[in-house]
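Shown next, in structure tokens, is the structure this report addresses.
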Amino acid sequence: MSSPQQHLAVVAPHTAALGVRVADQIVRTLADSGVRTVFGVPGGSISAVYDALLDEPRIQVINVRHECSAVFAAAAFARMTGSVGIVLTTSGPGVTNTITGIASAFCDGLPIVVIGGEVPRKNFGRGALQEGSPYSLNLVGMLKHVTKWASEVTSGDGAVSAIRKAMSMANSGRKGPVFLSLPLDVQGELAPVPRLSLNVESRFEIDRSSLDAAVQALVTAKRPMILAGSGCRWDKGAEVLRQVAERYQVPVATTPKGKGVFPETHPLSLGIFGHGGHPSASEYLDAGIDVLLAVGTSFGDAATNSWTNKLKPSRCSIHVDIDSSQVGRNYQVDLGLVGSANRILGALAELAPPLRPTREVPSRRFFSCPQDATDGDRIKPQRALWELQQLMPTSTVYTCDIGDHMMWTLHFLTVDRPDGFMLSSGLAAMGSSLGMALGVKAAQPDRPVVAICGDGTLGMAAMDIADAVASNRRVIYFVMNDERYGMVESGHEKIYGRTPEFPVKLSIGELARGLGAEVLTVQKAGDLVALGSAALLEGKGPLVLDVQISKTERLPMRPRFDALKDVINATTRRN
């Protein structure tokens with residue numbers, strides 16, 4: 001990655017009579033639009049924007065160790081605040097390092113704007129160091145596939161309008177990432193300050209006849225169910241979801257990514273269906289449903305146990321989504337209502353008849369896994385999660401990573417707040433929880449934040465802990481340590497009847513202390529509770545909990561492994 005000194009010779013003086021430096025205009029536009037925090041990694045090709053930030057006291061700059069982590073942090077910040085997350089990065093590898101994070105935001109529908117520096121235009125096509133122009137790597141072309149819009153700012157006159165358009169597009173309709181390539185000479189250009197009134201937004205007209213049909217289906221249903229996805233988190237979606245469930249007396253299951261959008265202790269909660277799901281949700285579907293109201297879910301693999309037929313109702317399937325391309329993509333739909341969960345569920349709530357008799361619904365039920373034991377000298381994961389929740393307040397925000405620990409967390413953690421849980425499962429990128437935790441803490445510094453991850457994911461993204469150390473933020477890293485890639489090993493065993501070993505040889509304590517974090521070790525049942533809440537909540541800077549979990553404990557239900565095994569067996573038979 002380039003140093004901040006690279007290319008500085010082309011940057012124009014900070015002030016001049018002919019106009020205002022474009023970098024200053026961009027920073028001022030961000031601040032005037034309400035941006036108060038940006039995440040990034042500095043470098044020569046973005047240096048003029050970083051210089052301009054020195055003169056803008058309204059914006060806090062959080063620099064991290066890796067560009068992908070900056071994107072995960074910005075995406076989580078956007079989720080918690082409802083605003084657009086902003087990322088700054090240098091050219092070449094600075095931009096390519098963001099791609100996994102940007103693709104995750106694209107899959108998860110999170111609004112971010114990534115501003116990537118670029119070499120001066122006069123050097124395009126000449127093999128400039130870290131060049132990503134259309135004549136070289138063509139980074140804009142790469143990112144068009146995983147963004148709502150990707151473009152190059154070609155002149156100083158168009159920079160402000162591009163920034164405003166990018167922010168509006170990221171936050172309109174189905175939210176998502178936008179990428180702008182910003183050559184260094186454009187950043188340093190002197191240009192008149194434009195006066196713009198630019199906003200991009202999507203408006204959805206609700207068809208009253210379709211709403212009436214949905215109301216009639218819900219009112220007359222004998223065994224209805226709501227499947228609520230993460231699209232219910234925005235605006236007041238979770239609030240009106242609860243109103244619809246209560247007024248129509250319909251039980252609610254959530255997708256894994258939607259965990260918490262409906263209170264899991266509510267009498268109408270069935271828990272999760274899909275990865276890490278609960279028997280209560282599966283058994284309710286096993287008995288058959290006549291009406292399904294699906295809201296804010298794309299019916300992906302993780303949310304449907306590999307597209308089970310159980311989610312096909314006998315009478316009416318209603319799908320609410322802000323993205324029309326999702327409606328009918330994986331399941332036949334009888335009523336498709338395109339728009340935000342907030343607006344359409346709000347309309348359904350208003351049209352609900354007088355309060356209906358209370359429906360008897362089986363409450364959320366867990367798999368029968370002992371929560372009070374150790375496996376040899378190692379704590380069982382479900383017990384560790386139970387002890388964690390005994391110590392953490394209900395205001396805690398949990399960010400969850402990808403791996404075996406995700407299954408345990410989805411199943412055994414109880415979340416009642418729609419902003420209390422965050423999982424980047426659209427792309428399912430390992431290491432995401434650590435960057436997200438930093439973004440959550442930056443957005444809401446007074447709330448406790450716990451990143452639940454595995455030792456494998458920690459090995460991928462441990463430098464995020466150093467970012468929390470540098471900013472003195474109390475983030476708790478709950479590392480479920482089984483000394484291996486547990487999900488990969490158990491998946492191989494399930495599918496092939498044998499498995500290679502995928503050990504993770506990592507001294508979590510030494511690593512975390514070397515980064516400047518506090519470390520506590522949990523080995524047996526009772527160790528975590530014995531520490532007390534104060535040990536977790538009252539320190540300064542990050543805390544790493546090395547939770548040494550059982551290497552053999554497994555959740556009973558693994559439908560993804562079954563689906564993969566079916567694919568392998570079918571392929572083998574064809575060959």
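The values are calculated or read from the model by the stated rules, or taken from the named source; none is laboratory data. None of these values were measured; they are calculated from a predicted model. Cβ atoms come from the backbone with ideal geometry, glycine included; neighbour counts cover every protein chain shown.
May I ask you to say which residue of Ala31, Ala23, Ala16 is modelled with pLDDT under 95 and either in contact with a Lys or Arg (Cβ under 8 Å, 6 or more places away or on another chain) or of a type outside the set (D, E, K, R) (or both)?
When all the criteria are applied, what remains is Ala16.
With respect to (1) outside any helix (DSSP H, G or I); (2) modelled with pLDDT under 95, the lone exception for Ala150 is condition (2).
Taking the stretch 80-91 as the search range and keeping residues that are β-branched (Val, Ile, Thr) and within 30 Å of Asn123 (Cα to Cα), which one is surrounded by the most Cβ atoms within 10 Å (Cβ to Cβ)? Lay out the reasoning, then the answer.
Step one: of the stretch 80-91, the residues β-branched (Val, Ile, Thr) are 81, 84, 86-87, 89-90.
Still in the list and also within 30 Å of Asn123 (Cα to Cα): 86-87, 89-90.
Values: Ile86: 27, Val87: 29, Thr89: 28, Thr90: 31.
Here the residue is Thr90.
For the stretch 359-369, the criterion of being surrounded by fewer than 22 Cβ atoms within 10 Å (Cβ to Cβ), farther than 25 Å from Ala302 by Cβ, touching a Leu at 6+ places or on another chain (Cβ under 8 Å) and of a type in the set (A, V, I, L, M, F, W, C) is met by no residue.
Any idea how many residues of the stretch 100-130 are β-branched (Val, Ile, Thr) and in a helix (DSSP H, G or I)?
Filtering the stretch 100-130 down to residues β-branched (Val, Ile, Thr) leaves 100, 102, 112-115, 119.
Now drop any that are not in a helix (DSSP H, G or I), which leaves 100, 102.
Summing the residues that are β-branched (Val, Ile, Thr) and in a helix (DSSP H, G or I) in the stretch 100-130 gives 2.
Candidates Ala302, Ala294, Ala341: the one that is assigned by TED's automatic domain parsing to the domain that holds Val250 and closer than 30 Å to Ala462 by Cβ is Ala302. For the stretch 453-511, the candidate set comprises residues that are assigned to a loop (DSSP other than H, G, I, E, B) and charged (D, E, K, R); within that set, the residue that is farthest from Val544 (Cα to Cα) is Arg498. Annotation: of all residues in the stretch 515-530 being assigned to a helix (DSSP H, G or I) and under 28 Å from the mean Cα position of the chain (by Cα), the one that is farthest from Ala461 (Cα to Cα) is Leu528. Among the strands (runs of 3 or more DSSP E) confined to the stretch 270-364, the ones with at least 1 residues that are more than 22 Å from Leu427 (Cβ to Cβ) and touching a Lys or Arg at 6+ places or on another chain (Cβ under 7 Å) are located at 291-295.
Inside the stretch 403-452, residues that are assigned to a strand (DSSP E or B) and either touching a Lys or Arg at 6+ places or on another chain (Cβ under 9 Å) or among the small types (Gly, Ala, Ser) (or both) make up a count of 5. With respect to the conditions (1) over 20 Å from the mean Cα position of the chain (by Cα); (2) in a strand (DSSP E or B), Leu227 falls short on a single one, namely (1). Beta carbons closer than 6 Å, at least 6 apart along the sequence or on distinct chains, pair a first residue in the stretch 345-362 that is within 11 Å of Gln249 (Cβ to Cβ) with a second that is modelled with pLDDT of 80 or more and surrounded by 18 or more Cβ atoms within 10 Å (Cβ to Cβ) for Ala352/Arg247; Ala352/Tyr248; Arg356/Gln249; Arg359/Gln249; Val361/Pro251; Val361/Leu268.
Taking the stretch 419-437 as the range and being crowded, with 24+ Cβ neighbours inside 10 Å, in contact with a helix residue (DSSP H, G or I) (Cβ under 8 Å, 6 or more places away or on another chain) and either of a type in the set (S, T, N, Q) or under 20 Å from Pro393 (Cβ atoms) (or both) as the test, the residues that pass are Met422, Ser424, Ser425, Ser432, Ser433, Met436, Ala437.
Quick test for you: out of Pro256, Pro224, pick the one residue that is assigned by TED's automatic domain parsing to the domain that holds Phe299 and within 13 Å of Arg356 (Cβ to Cβ).
Numbers: Pro256 fails: within 13 Å of Arg356 (Cβ to Cβ).
Matching residue, one of Pro256, Pro224: Pro224.
When the stretch 275-324 is limited to residues that are among the hydroxyl-bearing types (Ser, Thr, Tyr) and under 17 Å from Thr220 (Cα atoms), the one that is surrounded by the fewest Cβ atoms within 10 Å (Cβ to Cβ) turns out to be Ser314.
Residues being within 19 Å of Pro418 (Cα to Cα), in contact with a Ser or Thr (Cβ under 9 Å, 6 or more places away or on another chain) and not in a strand (DSSP E or B): count how many of those fall in the stretch 246-265.
Residues that pass the stated criteria total 12.
The residue list Ile272, Ile289, Ile322, Ile318 contains one member that is among the β-branched types (Val, Ile, Thr) and either closer than 20 Å to Cys400 by Cα or assigned by TED's automatic domain parsing to the domain that holds Leu427 (or both), which is Ile272. Tell me, please, whether a residue that is under 15 Å from the mean Cα position of the chain (by Cα), surrounded by fewer than 24 Cβ atoms within 10 Å (Cβ to Cβ) and polar (S, T, N, Q) can be found in the stretch 56-79. Taking every residue of the stretch 56-79 in turn, none turns out to be under 15 Å from the mean Cα position of the chain (by Cα), surrounded by fewer than 24 Cβ atoms within 10 Å (Cβ to Cβ) and polar (S, T, N, Q).
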